[in-house]
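The values are calculated or read from the model by the stated rules, or taken from the named source; none is laboratory data. The structure displayed is predicted, hence computed values, not measured ones. Heads up, the Cβs are rebuilt from the backbone with ideal geometry, glycines too, and the neighbour counts pull from every protein chain shown. For the accessible areas, the whole protein counts, side chains as well, though only heavy atoms, and no ligand, DNA or RNA atoms are used. Shrake-Rupley method; radii C 1.70, N 1.55, O 1.52, S 1.80 Å.
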Protein chains: 2
Amino acid sequence: MTRTASSVGIVFPQVAYFDVPLRLSSGTVLPHYQLVYETYGVLNERKDNAILVCHALSGSHHVAGQYAGDLHGVGWWENMVGPGKPVDTERFFVIGVNNLGGCHGSTGPSSLNPVTGQPYGASFPFLTVEDWVESQARLADHLGISTFAAVMGGSLGAMQALQWTIRFPERVRHALIIAAAPCLSAQNIGFNEVARQAITSDPHFYGGDFYAQGVVPERGLRLARMLGHITYLSDDAMMTKFGRELIGGAPHFSLEVEFEIESYLRYQGKKFSERFDANTYLIMTKALDYFDPARATGGDLAQALQPARAQFLVLSFTTDWRFSPARSREIVQALLDNRAVVSYAEIDSNQGHDAFLMENEDYFAVMFAYLERIAGECRP
Amino acid sequence: MTRTASSVGIVFPQVAYFDVPLRLSSGTVLPHYQLVYETYGVLNERKDNAILVCHALSGSHHVAGQYAGDLHGVGWWENMVGPGKPVDTERFFVIGVNNLGGCHGSTGPSSLNPVTGQPYGASFPFLTVEDWVESQARLADHLGISTFAAVMGGSLGAMQALQWTIRFPERVRHALIIAAAPCLSAQNIGFNEVARQAITSDPHFYGGDFYAQGVVPERGLRLARMLGHITYLSDDAMMTKFGRELIGGAPHFSLEVEFEIESYLRYQGKKFSERFDANTYLIMTKALDYFDPARATGGDLAQALQPARAQFLVLSFTTDWRFSPARSREIVQALLDNRAVVSYAEIDSNQGHDAFLMENEDYFAVMFAYLERIAGECRP
């Protein structure tokens with residue numbers, strides 16, 4: 001079958017204001033906040049064709065399409081979301097939202113605190129996946145969506161989708177849990193901790209209140225991102241993509257770039273440090289570390305997932321060593337223990353954790369088939 | 001069989017001075033330098049019972065025993081080297097040497113440059129595994145050892161042992177290559193690069209000439225070591241050792257230590273930054289990146305290893321993801337292609353790369369058996 005896929009084209013971010021106070025997991029109350037979001041496609045009359053796309057660590061509400069006048073900045077899941085794509089915007093009403101604590105327009109540490117007129121900085125509260133789901137539910141209310149056809153995401157985004165099924169079982173018909181884990185391993189936490197230490201030990205961090213100093217802890221952010229990139233790629237993919245050839249064929253005996261991988265990491269680190277907020281990075285990694293639905297049930301994940309009523313698609317990628325297939329199978333096993341309806345596929349890919357963002361025939365075939373089924377349920 | 005093992009006891013570092021200039025791989029000539037070393041056991045009359053132990057990234061000449069008045073600081077391979085241990089000092093004459101460029105007494109970047117009276121700092125040349133082997137051969141000459149019963153090491157130490165067999169085929173009867181790779185992967189180089197960037201971007205690095213400023217780039221060293229430690233341990237071992245329980249059972253919503261692994265990494269980082277030289281760390285990681293005997297033979301490792309006349313024991317550990325068993329098997333395959341005499345064992349261990357430093361029944365059984373055989377060859 002030949003499909004004709006295209007882009008959602010020019011898109012516009014929108015803003016929703018909330019002034020009903022939000023009590024966070026930490027106990028802090030946010031008296032008011034805003035969420036920036038984008039929508040693609042049309043909400044049908046029965047309002048049953050909405051899909052919420054949750055973003056991962058460094059993502060945003062800008063899932064697909066591009067902004068007028070910025071023709072290069074396509075959304076982070078452009079290959080997945082659009083007309084004729086797996087998440088077909090001719091059939092689904094798709095929502096991307098920047099999470100609370102973010103740095104792309106939703107209220108976060110770099111936003112001005114209306115009380116002080118200064119950026120929140122270190123005073124912005126830490127957040128949890130539970131908090132995000134709570135705030136996303138309010139956005140759904142705002143948009144008049146009582147039940148999502150699907151909530152989906154990869155990595156940290158998948159954790160939000162999972163949490164949706166626990167917290168709002170009646171509001172999620174399908175959950176697409178891609179490249180996820182039911183909680184971080186000690187190794188995952190370790191990498192996050194090194195990233196955080198890189199940021200907080202940067203003399204330009206100023207305890208989180210660097211905004212007033214006119215600087216950013218860009219050295220720390222660069223290191224955090226370089227490290228992140230190593231964990232997103234498989235050993236294989238890195239070797240294939242960068243190899244270990246010395247530039248010029250022989251050692252330079254200096255600290256300049258000598259291997260392609262060094263150049264790639266430095267570039268990625270620099271680019272990221274120019275666009276991302278350091279405090280948001282800390283909040284996102286902490287939310288990752290904290291996520292552990294089975295903490296409340298003495299480690300019993302099946303029991304933690306018992307409230308869920310959704311049908312599940314769980315996907316993992318063979319060379320993902322950040323959240324290995326074994327971690328996805330923990331989720332699948334817990335769902336099976338609960339006699340939940342769950343489909344699982346382990347996709348053969350050499351792309352590591354990043355595979356969830358890449359086009360891959362098997363991956364997309366599964367996504368097309370599963371979303372086709374969901375679309376069928378939405379037909380009037 | 002019951003073995004009675006004990007320690008070599010109180011040991012003394014010795015210093016060898018060399019004033020025959022050493023031309024390094026980089027082209028730089030070191031007019032003179034010193035190597036600090038330790039020896040355990042007695043060199044027999046035929047001088048054929050000597051074993052050279054090469055150290056890894058952060059090791060030193062202090063392989064076994066302890067210094068008078070410092071009863072806690074046992075050598076880094078205390079479990080492996082001593083009376084009744086696999087490397088039995090009642091049968092072998094064992095030499096540990098601090099590599100050139102090190103920070104434990106051999107000439108390195110923190111040594112005073114006799115020409116300027118100041119520490120070498122950034123002016124100290126980068127080094128290669130080839131340079132180390134060259135300098136170690138001079139130490140062997142100095143000690144009157146023409147042929148080693150064995151040259152051995154783990155990780156970067158194993159690379160030196162491998163290089164010995166290529167450069168001085170007639171001087172090595174056995175090479176023990178433990179937890180090694182024939183060259184770093186792009187991922188390995190990537191981790192090294194993040195560590196180097198952490199050090200060089202520390203404002204206290206001063207381009208390598210921090211000594212004169214009375215500071216050390218301890219933030220950078222801490223980060224480098226924290227990152228290193230994650231790669232030394234397996235995901236499994238970290239989970240077993242540290243778990244993911246929150247201290248106090250619930251999130252603190254702060255940047256303080258919340259998980260055991262954070263505490264461990266911070267402690268290891270801090271300890272290391274107080275004892276290790278930042279420039280030495282850069283030199284060691286660069287030497288790792290550069291090592292690639294097959295570079296000279298168009299990627300053909302067998303051809304690169306063709307000069308070797310030694311017999312080989314190659315050991316890897318199942319959960320070592322820094323230098324996985326597959327990397328050791330590349331070495332074994334190349335040796336087999338050359339019809340070299342090689343024994344290979346893949347040791348079941350959940351300790352990751354660090355396994356080479358740990359006592360493990362299977363590992364030690366292989367070491368005992370192999371070294372017993374070597375000892376048999378040395379009997380008068």
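Points to keep in mind about this one:
- By the Stokes-Einstein formula, at 0.890 mPa s and 25 °C, the stretch A:337-380 with its Kirkwood radius over alpha-carbon pairs has D equal to 198 µm²/s.
- Extension gain, residue A:15-residue A:275: 0.36 nm per intervening residue step, less the Cα-Cα distance, totals 91.6 nm.
- Estimated purely from DSSP H runs of n ≥ 4, each contributing -39500 (n - 2.57), the mean residue ellipticity at 222 nm for chain B is -10500 deg cm²/dmol once divided by its residues.
- Size descriptors for the stretch B:219-351 (Cα atoms only): Rg and Dmax, in that order, 19.8, 60 Å.
- Each Cα pair under 8 Å and six or more residues apart adds its separation to the average, and for chain B the resulting relative contact order is 17 percent.
- Rounded to the nearest 5, the antiparallel percentage of DSSP beta bridges internal to the protein assembly as shown is 35%.
- In the full protein context, chain B carries 37 Å² of accessible surface per residue, based on a 1.4 Å probe and ignoring ligands, DNA and RNA.
- Here the Gaussian network model covers chain B, with springs between Cα atoms less than 10 Å apart; of B:96, B:105, B:84, B:84 fluctuates the most.
- Interface between chains B and A: roughly 4700 Å² of accessible area buried, both sides summed (probe 1.4 Å, protein heavy atoms only).
- Descending Cα extents along the principal axes, the protein assembly as shown, whole Å: 95, 52, 50
- Proximal aspartates and glutamates to residue A:47, defined as alpha-carbon separation beneath 15 angstrom and excluding residues fewer than eight positions away on the same chain: A:90, A:141, A:170, A:377
- Computed from backbone phi with θ = phi - 60° and the Karplus coefficients 6.51, -1.76 and 1.60, the 3J(HN,Hα) list for the stretch A:133-138 is 4, 4, 6, 5, 5, 5 Hz; x is used for glycine and proline.
- The Cα-based radius of gyration of chain B, divided by its Kirkwood radius, gives an Rg/Rh of 0.96.
- Lys/Arg +1, Asp/Glu -1 at C-beta; chain A dipole; positive extreme among A:279, A:17, A:185: A:17
- Aspartates and glutamates with Cα under 15 Å of residue A:85, excluding same-chain neighbours fewer than 8 positions away: A:359, A:361, A:362, A:372
- Interface residues, the stretch A:205-231 - accessible area loss of 20 Å² or more versus chain alone, probe 1.4 Å: A:219, A:222, A:223, A:226, A:227, A:230
- The Cα center of the stretch B:124-166 and the Cα center of the stretch A:159-235 differ in position by 43 Å.
- Size check on the stretch B:188-285: the Cα extents along the three principal axes, sorted descending, read 46, 28, 20 Å.
- Burial ranking of peptide ranges A:64-74, A:178-188 (average Cβ count within 10 Å, highest at the top): A:178-188, A:64-74
- Close amide H pairs (under 5 Å, H built 1.01 Å from N) link residue A:66 with A:9, A:10, A:11, residues at least 5 positions away or on another chain.
- Inter-copy label distances for residue A:4: 8.9 nm (label point placed 7 Å from Cα along Cα→Cβ; shortest first).
- Take each residue in B:191-203, count the other chain C-beta atoms within 10 Å of its C-beta, and the mean is 6.
- Listed values for the stretch A:264-275 are Karplus-derived 3J(HN,Hα) couplings in whole Hz (6.51 cos²θ - 1.76 cosθ + 1.60, θ = phi - 60°), namely 4, 5, 4, 5, 4, x, 5, 4, 5, 5, 8, 10, and x replaces Gly and Pro.
- Charge dipole (Cα centre; +1 on Lys/Arg Cβ, -1 on Asp/Glu Cβ; no other charges) of the stretch B:115-225 amounts to roughly 260 debye.
- Eligible aspartates and glutamates near residue A:286 by straight Cα distance, threshold 17 Å, same-chain separation 8 or greater: A:130, A:131, A:193, A:277, B:245, B:256, B:258, B:260, B:262
- Just so you know, the Cα atoms of the stretch A:248-305 work out to an Rg and Dmax of 20.4, 58 Å.
- At 0.890 mPa s and 25 °C, Stokes diffusion of the stretch A:34-166 via Kirkwood alpha-carbon radius, µm² per second: 160 µm²/s
- Convex hull (Cα only) mean projected area of the stretch A:306-380, reported in nm² to one decimal: 5.7 nm²
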